[in-house]
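Data block below; observations after.
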C-alpha cells in the first residue's frame, strides 16, 4: 500500500504520473528529503526531521520549507493509511521546474510499507563492510559547497555503496574518512558501545546529524547510559561491545560481522537499547 499527498494538501493516486520530467529533483537530484517512521499512527522524531529538512534546504539555497505545511501533509498521509501499523513516510522537496526562475518548489509526502528485509535485519542483525568515502574530517569546513551533511536527493554514491556491499556478501556499509575514522552509513548513523557508554561521530566532520541516533542517545541517557559525540577510528570497531546502524526505518540495527570478521556478540546490548528506544513511543 502507498499514500501520496502533495504539499498543498491534495491527495493523489501514487500509481499515476504527477512529477514533470523537467523537475530539477529528477534531472539533477536538486532537492532534499527526509524519511520518517510512523508506528501506531505516531510519527517518530518529526520535529528533528523537519529541523533537518530546513537545514538541508538552507545548505542548498532552497526556499525555507513551510514547517506547518509539512506537518499537515505528513498527518494527511497518516490519516489516510489503512495498511499495517508501521509506515515509512518520505518527504521530498525539490527546486521545481528547470529553466523557470520563478518556479514553485515541488513538495510531497509518500507513505510506504516497511520492507520485510529491513524488519528481519532489526532482529537478526547484519554484516557490513567499510568503504573509503575519499574525504578527510576537515573537508566539510573547507568546502561547504560540497554539501557534506545535507540530506540531498543526490544519492548515487550511497546506492553504489550498497551494491558494492551486496557484491561482497554484506548488507550495508560504514563509510570511512582518509584518516581511518568512521563517518556514517549510506543511509544511517553509526553508534558504537563501549562499556555503558554510547559513541557517535560528530556531524562537523561532514555527516548527517542523525535524528534516530539522537533519539537513541536521549533514551539511553534516561536508562542510565552515558553518551559521547567524538571521533571514532575504524580500528576500534572490532573490540567494541556493540556496533550499530541507526536510521528511522531500520531503527537500531546491530552489526554482527564487519569486513568478513565476526564482531563480539552484542545481542543483549541491542535488546536493552532497542527497548529503551521503543518504550518512549508506547
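Could you list all residues from segment 200-211 that are surrounded by 21 or more Cβ atoms within 10 Å (Cβ to Cβ) and more than 14 Å from the chain's Cα centre (by Cα)? 200, 201, 205, 206 - these are the residues of segment 200-211 that are surrounded by 21 or more Cβ atoms within 10 Å (Cβ to Cβ) and more than 14 Å from the chain's Cα centre (by Cα). The number of residues in segment 93-102 being in contact (Cβ under 8 Å) with a residue 40 or more places away in the chain, surrounded by fewer than 20 Cβ atoms within 10 Å (Cβ to Cβ) and at negative phi comes to 2.
Among the residues making up segment 72-97, those that are part of a strand (DSSP E or B) and under 20 Å from residue 56 (Cβ atoms) are 88, 89, 90, 91, 92, 93, 94.
So which of 100, 8 is under 26 Å from residue 156 (Cβ atoms) and in a loop (DSSP other than H, G, I, E, B)? Exactly one of 100, 8 is under 26 Å from residue 156 (Cβ atoms) and in a loop (DSSP other than H, G, I, E, B), namely 100. Looking across segment 2-11, the residues that are within 21 Å of residue 114 (Cβ to Cβ) and in contact with a helix residue (DSSP H, G or I) (Cβ under 6 Å, 6 or more places away or on another chain) come down to 3, 5. Would you confirm, using the coordinates I've provided, whether residue 105 is touching a residue at least 24 places away in the same chain (Cβ under 8 Å), surrounded by 17 or more Cβ atoms within 10 Å (Cβ to Cβ) and assigned by TED's automatic domain parsing to the domain that holds residue 18? Criteria met by residue 105. Among the residues of segment 227-276, those identified as assigned to a helix (DSSP H, G or I) and under 12 Å from residue 199 (Cα atoms) are 236, 237.
Note on segment 12-31: residues that are in contact with a helix residue (DSSP H, G or I) (Cβ under 7 Å, 6 or more places away or on another chain), within 29 Å of residue 82 (Cβ to Cβ) and either at pLDDT 95 or above or not assigned by TED's automatic domain parsing to the domain that holds residue 78 (or both) amount to 1. Checking segment 149-163 against the condition returns a match, with at least one residue being surrounded by fewer than 18 Cβ atoms within 10 Å (Cβ to Cβ), assigned to a loop (DSSP other than H, G, I, E, B) and under 20 Å from the mean Cα position of the chain (by Cα).
Would it be correct to say that residue 208 is assigned by TED's automatic domain parsing to the domain that holds residue 131, in a strand (DSSP E or B) and either in contact with a helix residue (DSSP H, G or I) (Cβ under 7 Å, 6 or more places away or on another chain) or under 18 Å from residue 137 (Cα atoms) (or both)? Answer is no for this residue. Here residue 190 meets each of (1) in a helix (DSSP H, G or I); (2) under 19 Å from the mean Cα position of the chain (by Cα); (3) crowded, with 20+ Cβ neighbours inside 10 Å with one exception, condition (1). Considering the conditions (1) touching a residue at least 40 places away in the same chain (Cβ under 8 Å); (2) in the same structural domain as residue 250 (by TED's automatic domain parsing); (3) within 29 Å of residue 237 (Cβ to Cβ), residue 153 is excluded by exactly one of them, (3). Based on this model, can you work out whether residue 114 counts as part of a loop (DSSP other than H, G, I, E, B) and either assigned by TED's automatic domain parsing to the domain that holds residue 256 or in contact with a strand residue (DSSP E or B) (Cβ under 8 Å, 6 or more places away or on another chain) (or both)? The answer is yes for residue 114.
The values are calculated or read from the model by the stated rules, or taken from the named source; none is laboratory data. The structure presented is a predicted model; accordingly, all values stated were derived computationally and were not measured. Every residue, glycine as well, gets a Cβ built from its backbone with ideal geometry; the counts of neighbours run over all protein chains shown.
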